[in-house]
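Before we start, here is the structure in question, set down as structure tokens.
The values are calculated or read from the model by the stated rules, or taken from the named source; none is laboratory data. Everything numeric in this text was worked out from a predicted model, so none of it was measured. We place every Cβ from the backbone using ideal geometry, glycine too, and count neighbours over all the protein chains shown. When the accessible area is computed, the model is the full protein with side chains, heavy atoms only, and any ligands, DNA or RNA have been set aside. Shrake-Rupley method; radii C 1.70, N 1.55, O 1.52, S 1.80 Å.
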Amino acid sequence: MVAVAHGSRDPRAAATVAELLRAVRVRRPDVPVLPSFLDHAPPAPDRVLEGLARNGPDGDGVEAVVLPLLLTAAYHSKTDLPGVLARVRSRRPRLRLHTARTLGPHPLLTAALERRLAEVDVRPGSPGTAVVVVSAGSSDASANATVAALADRWRARGWWDAAAANAPAAGPTPAEAVTALRAE
């Protein structure tokens, strides 16, 4: 499995991906799990996939699952990643690639977010609490709508309110969302 994250100049992002993949390896020690990043951090997905093909038991006759660690189907998952995979396929036609869907909007993601809130003593569906769901935002309107729909589903779970925010690509920003909720 080759996990593909966005990447960041902040080294904590790569460390978080490494921690996540360690947890996957503990649960599935039989599955090789490798990290890669689309931007700002090495290794790039094409280099990881090329390495798998070169080092496979059968030359490039290897099978790999590419798992986008991306919240929504936006530019990186619709354009960048397919472009990378097309280039790799053209150079390594015997490399069998399967691509999983992005992480959101899956119910397990919502459950994970609620577990994180519980870590700071905020109970899911607390009627006195508002939640701001923040994503990186996108120029892709459908990706932003996915995050907004997640906030709408959370509102229906009993929270006082829930709002979507984007940092920094598309509005509202997290500060604007918090200000609007406080005004309500």
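Residue 133's amide H: which non-local residues (gap 5+, or another chain) put their own amide H closer than 5 Å, with H modeled 1.01 Å from N in plane and none for Pro or chain starts?
163, 164, 165
For residue 16 and residue 182, what does the FRET efficiency come to when R0 = 22 Å and r is the distance between their Cβ atoms, rounded to the nearest 0.05?
Numbers: r = 29 Å, r/R0 = 1.34.
So, using R0 = 22 Å, E works out to roughly 0.15.
Given the options 135, 90, 77, which has the most mean-square fluctuation in a GNM of the chain, springs set between C-alpha atoms less than 10 angstrom apart?
90
Using a cut-off of 10 Å between beta-carbons, work out the net charge of the residues near residue 73 (Lys and Arg +1, Asp and Glu -1, residue 73 not included). Could the numbers behind the result be given before it?
Working: positive: 78, 101; negative: 140.
After counting each charged neighbour, the total is +1.
Which one, 42, 29, 68, has the greatest fluctuation when you compute a Gaussian network model over the chain with C-alpha springs under 10 angstrom?
Comparing 42, 29, 68 in the GNM, the peak value goes to 29.
Could you give the size of the charge dipole of region 80-184 about its Cα centre, using +1 on the Cβ of each K and R and -1 on the Cβ of each D and E, expressed in debye and rounded to the nearest 20? Before the final figure, lay out each step's value.
On the way: 14 positive and 9 negative charges, 197 e Å.
Roughly 940 debye for region 80-184.
Measuring with a 1.4 Å probe in the full set of protein chains, what accessible area per residue, in whole Å², belongs to region 1-93? Walk me through the intermediate numbers first.
Numbers: 5260 Å² over 93 residues.
Solvent-accessible surface per residue comes out at 57 Å².
Would you please put 104-111, 118-125, 69-76 in order of how densely packed they are, using the mean number of other Cβ atoms within 10 angstrom per residue and starting with the highest? Before the final figure, lay out each step's value.
Details: 104-111: 13.1, 118-125: 10.8, 69-76: 21.4.
Put in order of decreasing packing, that is 69-76, 104-111, 118-125.
Along the charge dipole of region 121-174, which of 129, 146, 166 sits closest to the positive end, that is, farthest toward it, with unit charges on the beta carbon of Lys, Arg, Asp and Glu (+1, +1, -1, -1)?
Farthest towards the positive end: 129.
Which far-off residues, 5 or more places away or on another chain, put their amide H under 5 Å from the one on residue 41, with H placed in the peptide plane?
8
Now a separate question. How large is log10 I(q)/I(0) at q = 0.09 Å⁻¹ when the Debye formula is applied to the Cα atoms of the chain, each weighted equally and without solvent?
-0.39
Assign one of three labels to region 1-71, namely rounded, prolate or oblate, based on the Cα gyration tensor with a ≥ b ≥ c the square roots of its eigenvalues; rounded applies when a/c is under 1.5, prolate when it is not and a/b is larger than b/c, and oblate otherwise. Spell out each step's value before the answer.
Numbers: a/c = 2.38, a/b = 1.40, b/c = 1.70.
Oblate, since a/c reaches 1.5 and b/c is not below a/b.
Also, quick follow-up: With +1 assigned to the C-beta of every Lys and Arg and -1 to the C-beta of every Asp and Glu, and no other charges, what is the dipole magnitude of region 94-155 about the Cα centre in debye, to the nearest 20? Don't skip to the answer; put the middle values down first.
Working: 8 positive and 5 negative charges, 74 e Å.
The dipole of region 94-155 has a size of about 360 debye.
While we're looking at this one, here's another question. Non-local amide H neighbours of residue 140 (under 5 Å, H modeled in plane, Pro and chain starts lacking H): which ones?
Correct list: 75.
Shifting gears a bit: Mind giving me the nanometre distance, one decimal, between the label points for residue 96 and residue 117, set 7 Å out from Cα along Cα→Cβ?
4.2
Just the projected area, averaged over all directions, of the convex hull on the alpha carbon atoms of region 93-184: how many nm²?
On the way: hull surface 31.0 nm².
Averaged projected area of region 93-184's Cα convex hull equals 7.8 nm².
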